[in-house]
Every structure is written in structure tokens, then in C-alpha cells.
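This structure is in C-alpha cells; I'll ask about it shortly.
A short reminder: the numbers here are calculations on the coordinates, not readings from a lab. All values derive from a computational prediction rather than experimental measurement. Note: ideal-geometry Cβ built from the backbone for every residue, glycine included; neighbour counts use all protein chains shown.
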Amino acid sequence: MNRQDFNGRTAVITGAASGFGLETARIAARLGMNLVLADVLAEPLAAAVCELEALGAPVLARACDVRLAAQVESLGAATQARFGAPHLVFNNAGVGAGGLIWEHSASDWAWVLGVNLMGVAHGVRVFTPMMLEAERADPGFEGHIVNTASMAGLVNMPNMGVYNVSKHAVVSLSETLYQDLRLVSERVHAHVLCPYFVATGIAHSARARPADVREVRAPTTSQIVAQAAVEKAVAGGRVSAAEVAQRVFDAIAEDRFYIYSHLQALAPVMTRAEDLMRGTNPSDPYRERPELGRQLRAALRR
């Protein structure tokens, strides 16, 4: 798609009230797209709707917990009824959690995998058939599905267990979606976004944690350490969410599958690939900055 192709087309965005979702919606609005906005936080979503409607965009907004199949299915039905099949689906809703992997509770696993993985799976399951049907009916239809993973889906940093697992699964899902679409479609495309540390609301995910998966016990030392590290890294991010959102649209225009925020962050990915090819044990993730490894070990062994 070039810039003109977006005008009058429809974008579905989950996690739309902040971060990458909101910035993507802002670009889409400026390009003349119809917007379907979904988020679990009602007040920020309402604020986003006011802003985007002021830009002239037609907006359909839904409070949606992407963990829940029925709510994503309802979002799909509402989209079809209002705008027809979407041309861009951004399965972007995500939450973060860290700590030693054996210290994650059952509710941690249910929450993080529910949002980060099943939210994407539900989006793919609901919207891909709509887009394929639209492609069959309209020779001019073109669609793009963008799933938000993370650099944590390509490497495995310590003390980030449940988050790493969820994002690796999203990369796998997205790569499989890409290959599956190539079997049956010429004009519906898949992409995966793998950002590094960017200033978004991911460090404060707990504010959106539903009651049914709320953690009642006090956080462990490793979880406190992980939370502090993420807050510091995200706050210090030098690439903005708006820049990442623009890279999403650039990748769509170029039909490029992998979307990165920080190319320099790919070095550990190469190291991991070399470990896999050689059959060697996983490399020390802090070998370039050993002081960070020493600090983490000291904090966890204290």
C-alpha cells in the first residue's frame, strides 16, 4: 500500500488507548482511515476517541479484553457491520511482567499469555477469514495483519520468563501466519513488530490487570527487581512510540515482515542463532556489559 491507498480504508487496533496503538491510530487518522479502537481501559479509550474524531476520523470504539474470545468475536462483528472487512489489523494489546520463571504464579501465566498470546490468536482467528473473504470478493482489496511481539520474542533475557515465553509464541504465530497466507492469498499479508525498549505504558501494565487474574500475594524480590529494571529501561528509550508506529506503516508499504525499533538490538539475536547452530550452551547475555550481570546476581542473591 502507498500513502494514498489508506484513505477510506479501515484499521482495527487493539491496545489502542496508549503507546504503539494510539500512535498508529493517529497516523491512520491522518491518512483518512476508518478506525476501530479496542482497549481494556475505558477512560483512556474515551480520550483517544475524542482526539481522533477531532482529526476527522470515523471511529468505532469498544472496551475489549482480548484474552476473551467472545469479546474479540464481538469486536469483529461490530467492525463488519460498521465498516466491512478491515484492511489493517494491528493485534497490539500487550502487558509486561518479570521475575524468575518459577516464581510466576498461575494467575501471572494466565494474564500475560492471555493478553500477549491469546489476544493475538483471537485477532488472527476472527479477522483473517474476513479479510480473505473480502479479497475473494474484491480484486482491489489488500489487507495487512500486524502482530506486536518484542525483541523478547527473539532472545531470552533472564528474569523475564513469562514475558519471553509469550512473545516468542507471538513471533512463531506470526511467522506461521505469514507462511499460511502465502499458501492461499496474494493480497493479505502478515507482519510482526519486535520493538526494544520504547517509552510506552508497558511498565505500568498492572493497572489493566483484571480482577479474575489479579495477584494477591506480595511481589518477590526478583519481580521487584524486574519491575524497576523495566521502568528504567523504558523511561530511557530514545526511540518514541510515534517513530515505531511510522515504521509499521513503512513496513506495510514495503511488504516487509519483520519490523524493528532498534536495529542495534539485533546483535544478541545473531549470538543466539550461532549458539543454536553450534549446539553450544546459551551465551551470557551480559558478556558485553558484565557489570549489569553482576548487579542482577547481587540483587537476586541478597
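Please state the charge dipole magnitude for region 3-301, taken about the Cα centre, from unit charges on C-beta atoms (+1 on K and R, -1 on D and E), reported in debye and rounded to the nearest 20.
Details: 27 positive and 29 negative charges, 132 e Å.
Dipole about the Cα centre, nearest 20: 640 debye.
Could you please state, rounded to a whole Å, how far the C-alpha centre of region 181-201 is from the C-alpha centre of region 261-279?
Distance between centres, Cα-based: 20 Å.
With θ set to phi - 60° and the Karplus curve 6.51 cos²θ - 1.76 cosθ + 1.60, what are the ³J(HN,Hα) couplings of region 233-242 in order, to the nearest whole Hz, using x for Gly and Pro?
Per-residue couplings from phi come out as 5, 5, 4, x, x, 9, 9, 8, 4, 5 Hz.
Something else now. Along the positive direction of the dipole of the chain (beta-carbon charges: Lys, Arg +1; Asp, Glu -1; about the Cα centre), which of ASN147, GLY99, SER240 reaches farthest?
GLY99
Ignoring everything except DSSP H segments at least 4 long, calculate the 222 nm mean residue ellipticity for the chain; use -39,500 (n - 2.57) per segment, divide by total residues, nearest 500.
Details: 10 runs with 143 residues, N = 302.
Taking each H run of at least 4 residues, the total per residue is -15500 deg cm²/dmol.
A further question follows. Placing unit charges on C-beta atoms (Lys and Arg positive, Asp and Glu negative, everything else neutral), compute the dipole magnitude of region 157-302 about its Cα centre in debye, rounded to 20.
Working: 19 positive and 15 negative charges, 150 e Å.
In total the dipole reaches around 720 debye.
Name the residue from THR176, ALA54, TRP111 whose Cα lies farthest towards the positive end of the charge dipole of the chain, charges +1 on Cβ of Lys and Arg and -1 on Cβ of Asp and Glu.
The Cα lying farthest towards the positive end belongs to TRP111.
For a protection proxy built on the mean count of beta-carbon atoms within 10 angstrom, sort 190-201, 58-69 highest first, please.
190-201, 58-69
May I pose another question? How far is helix 119-137 tilted off the main Cα axis of the chain, in degrees rounded to 10, range 0 to 90?
30 degrees
Take each of the peptides 219-228, 248-257, 113-122, 289-298, average the number of other beta-carbon atoms within 10 Å over its residues, and list them starting from the highest.
Details: 219-228: 18.0, 248-257: 15.8, 113-122: 23.6, 289-298: 12.0.
Ranked by mean Cβ neighbours within 10 Å, highest first: 113-122, 219-228, 248-257, 289-298.
Hey, another quick one. Which shape class applies to region 125-256: rounded if a/c is under 1.5, otherwise prolate when a/b exceeds b/c and oblate if not, where a ≥ b ≥ c are the square roots of the Cα gyration tensor eigenvalues?
Prolate is the answer for region 125-256, as a/c is 1.5 or above and a/b outweighs b/c.
Across region 18-35, in residue order, what do the Karplus-derived ³J(HN,Hα) couplings come to in whole Hz, using 6.51 cos²θ - 1.76 cosθ + 1.60 with θ = phi - 60° and x for Gly and Pro?
7, x, 4, x, 5, 5, 5, 5, 4, 5, 4, 4, 5, 8, x, 8, 6, 10
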